[in-house]
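Here's the structure, in structure tokens; my notes come after.
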Amino acid sequence: MSGKKTIQALERVFAAEIEGRLPYQSTAKIYAVLHEEGLVEPMERNFGVDRLGTMTVTGWQLTHAGRFLYCSSC
């Protein structure tokens, strides 16, 4: 699956990566498909402890294969 929708989904994760906003949060079904193909992987990020406890953010990050596919499409 390397169509236009795949490239657009990878672009969103790549933009979050270079802007320092990982993990990219999305519940779109395409990310589960991209995970099966080895292009993205789940990521967890923990933020500091405060009076409410630790905040954990879950989402997606690119694999090397995902970066390569996205960058070679440009």
Exercise. Out of curiosity, is Glu36 under 18 Å from Ile7 (Cβ atoms), surrounded by fewer than 12 Cβ atoms within 10 Å (Cβ to Cβ), out of contact with any Pro (no Cβ under 7 Å at 6 or more places or on another chain) and not β-branched (Val, Ile, Thr)?
Worked result: yes
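Working only within segment 30-64, note down all residues that are outside any helix (DSSP H, G or I) and of a type in the set (Ser, Thr, Tyr). Spell out how you get there, then give the answer.
Of all residues in segment 30-64, those outside any helix (DSSP H, G or I) come to 37-63.
Matches in segment 30-64: Thr54, Thr56, Thr58, Thr63.
Give me a count of the residues in segment 23-48 that are among the small types (Gly, Ala, Ser) and modelled with pLDDT under 95. Write out each step before concluding.
Our first condition is that a residue be among the small types (Gly, Ala, Ser); within segment 23-48, this holds for 26, 28, 32, 38, 48.
Okay, now just the ones that are also modelled with pLDDT under 95, so 48.
Total satisfying the criteria: 1.
If I ask for residues that are surrounded by fewer than 17 Cβ atoms within 10 Å (Cβ to Cβ) and either assigned to a loop (DSSP other than H, G, I, E, B) or touching a residue at least 24 places away in the same chain (Cβ under 8 Å) (or both), which ones from segment 18-29 would you list? Please lay out each step first, then the result.
Initially, segment 18-29 is screened for residues surrounded by fewer than 17 Cβ atoms within 10 Å (Cβ to Cβ), giving 18-21, 25-29.
Glu19, Gly20, Arg21, Gln25, Ser26, Thr27, Ala28, listed by residue number.
Report whether or not Arg67 is more than 24 Å from Ile7 (Cα to Cα) and either outside any helix (DSSP H, G or I) or not β-branched (Val, Ile, Thr) (or both).
Working: more than 24 Å from Ile7 (Cα to Cα): no; either outside any helix (DSSP H, G or I) or not β-branched (Val, Ile, Thr) (or both): yes.
For Arg67, the condition - more than 24 Å from Ile7 (Cα to Cα) and either outside any helix (DSSP H, G or I) or not β-branched (Val, Ile, Thr) (or both) - is not met.
Whether any residue in segment 4-14 is among the aromatic types (Phe, Trp, Tyr), touching a residue at least 24 places away in the same chain (Cβ under 8 Å), surrounded by 15 or more Cβ atoms within 10 Å (Cβ to Cβ) and in a strand (DSSP E or B) is what I want to check. Please lay out each step first, then the result.
Looking only at segment 4-14, we keep the residues that are among the aromatic types (Phe, Trp, Tyr), and these are 14.
Remaining after also requiring touching a residue at least 24 places away in the same chain (Cβ under 8 Å): 14.
This time we only want the ones that are surrounded by 15 or more Cβ atoms within 10 Å (Cβ to Cβ), so: 14.
Add one more test, that the residue is in a strand (DSSP E or B), and what stays is none.
So far as segment 4-14 goes, no, none of its residues is among the aromatic types (Phe, Trp, Tyr), touching a residue at least 24 places away in the same chain (Cβ under 8 Å), surrounded by 15 or more Cβ atoms within 10 Å (Cβ to Cβ) and in a strand (DSSP E or B).
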For this session: Under 8 Å between Cβ atoms, at least 6 apart or on separate chains: pull out the pairs that start in segment 34-52 with a residue that is within 14 Å of Leu10 (Cβ to Cβ) and end on any residue that is part of a loop (DSSP other than H, G, I, E, B) and at pLDDT 95 or above.
Result: Gly38/Thr63; Leu39/Thr63; Val40/Thr63; Glu41/Thr63
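The values are calculated or read from the model by the stated rules, or taken from the named source; none is laboratory data. From a predicted model like this one, the values you see are computed outputs, not experimental measurements. Using ideal geometry, Cβ is built from the backbone for each residue, glycine included, and neighbour counts are taken over all protein chains shown.
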